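Participant: Have a look at this one before I ask anything.
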Amino acid sequence: MPLVTTKEMFKKAYEGGYAVGAFNVNNMEIIQGITEAAKKLNAPLILQVSKGARAYANHTYLVKLVEAAVEETGLPIALHLDHGPDFETCKACIDGGFTSVMIDGSSLPYEENIAVTKKVVEYAHAHGVVVEGELGTLAGVEDDVAVEDGNASYTQPDQVEDFVTRTGVDSLAIAIGTSHGAYKFKPGQKPQLRFDILEEVSKRLPGFPIVLHGASSVVPEFVEKINKFGGDMPDAIGIPEEMLRKAATMAVCKINIDSDLRLAMTAAIREYMAENPSHFDPRQYLKPARTAIEGMVTHKIVDVLGCDGKA
């Protein structure tokens, strides 16, 4: 089976009241942990690559690793560019084998966002690739994406129909209270997703797939483990998983997960090295890291996304 686009998996997700997980990948062990979980659960998958991941691991290596995952699992897997910063990056990924790209013009003035998004859509569609756009800006930090709290803004529902019509995007990322990175909220601040905005957007775009970025829940178990074995992470509050599950039963068809994977992997490596300080074989400490990734993804697929058995 070749790599697929997200078009059919989003259609099924919207009608079935679940979301597909979009998991960020940077190396072989992360890809293996994610895909092993999805294979056991027969779940569809989006493996996504950021600009930073392409710079770290090399575009070609990542594409070949994902293609190997498709061959190994037989699952429908889409390869997606996360937060494409410009037309040139999106074009390089389209030309280089990606089946889905995101052009993130959310920090631009509205008309400029439309212009660059439309340009990417026209090129992508001519090459059989689907496009995700974004309206509204999320606070937080993820690779090269950094937005201060004061500059974050909710998506305006009265813009979404115009944006989708004029750009031709296949899915839309909206800002309803999620945030990039592990440090999403200040101490004492209560996480809250704006379901009223999501409901209004879905009314204006019936049947259209919506995307949530910055949706890691920052599982306390892994933060505590990192700190136990020499870390210095402050208390972090993520998005409550029951809120994400509710969003997945509505118009949200794609939920992005990155920070939770990083936390699970780092916690496993720190624990192994603390217990085995003389070991220096990367295979030994990356093995439990891969297992931790698999466990995290299994939990997300079953308890948050609801896409197990949907491949």
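Participant: Would you confirm, using the coordinates I've provided, whether Pro2 is of a type outside the set (D, E, K, R), surrounded by fewer than 16 Cβ atoms within 10 Å (Cβ to Cβ) and either at pLDDT 95 or above or over 17 Å from the mean Cα position of the chain (by Cα) (or both)?
Facilitator: yes
Participant: Give the number of residues within the stretch 270-311 that are closer than 16 Å to Thr249 by Cα, of a type in the set (Val, Ile, Thr) and open to solvent by 40 Å² or more (accessible area, probe 1.4 Å).
Facilitator: So the count comes out to 1.
Participant: Pairs, please: C-beta under 7 Å, at least 6 apart or cross-chain, first residue of a type in the set (Asp, Glu) and in the stretch 173-200, second modelled with pLDDT of 75 or more?
Facilitator: Glu200/Pro157
Participant: Of the numbered conditions (1) out of contact with any His (no Cβ under 8 Å at 6 or more places or on another chain); (2) touching a residue at least 40 places away in the same chain (Cβ under 8 Å), Glu134 satisfies every one except a single condition; which is it?
Facilitator: Single failed check for Glu134: (1).
Participant: Follow-up question, since we're still on this one. When only residues in the stretch 74-120 that are without any contact (Cβ under 8 Å) to a residue 12 or more places away in the chain and assigned to a loop (DSSP other than H, G, I, E, B) count, which is nearest to Glu29 (Cα to Cα)? Explain how you work it out, then say what you get.
Facilitator: Taking the stretch 74-120 and keeping what is without any contact (Cβ under 8 Å) to a residue 12 or more places away in the chain, we get 88, 108-109, 111-112, 115.
This time we only want the ones that are assigned to a loop (DSSP other than H, G, I, E, B), so: 108-109.
Numbers: Leu108: 36, Pro109: 39 Å.
The selected residue is Leu108.
Participant: Could you run through the stretch 121-154 and say how many residues are at pLDDT 95 or above, open to solvent by 90 Å² or more (accessible area, probe 1.4 Å) and in a loop (DSSP other than H, G, I, E, B)?
Facilitator: The number of residues fulfilling the criteria is 1.
Participant: Anything in the stretch 90-115 that is small (Gly, Ala, Ser) and open to solvent by 10 Å² or more (accessible area, probe 1.4 Å)? List them, or say none.
Facilitator: Matches in the stretch 90-115: Ala92, Gly96, Gly97, Ser106, Ser107, Ala115.
Participant: Would you mention how many residues in the stretch 1-41 are without any contact (Cβ under 8 Å) to a residue 40 or more places away in the chain and closer than 26 Å to Met265 by Cβ?
Facilitator: 5
Participant: Of the numbered conditions (1) surrounded by 21 or more Cβ atoms within 10 Å (Cβ to Cβ); (2) at pLDDT 95 or above, Pro157 satisfies every one except a single condition; which is it?
Facilitator: Single failed check for Pro157: (1).
The values are calculated or read from the model by the stated rules, or taken from the named source; none is laboratory data. The shown structure was predicted, so the numbers you read here are calculated from the model rather than taken from an experiment. Ideal geometry is used to build each Cβ from the backbone, glycine not excepted, and the neighbour counts take in all protein chains shown. Calculation scope for accessible area: heavy atoms of the full protein, side chains included, ligands and nucleic acids excluded. Shrake-Rupley method; radii C 1.70, N 1.55, O 1.52, S 1.80 Å.
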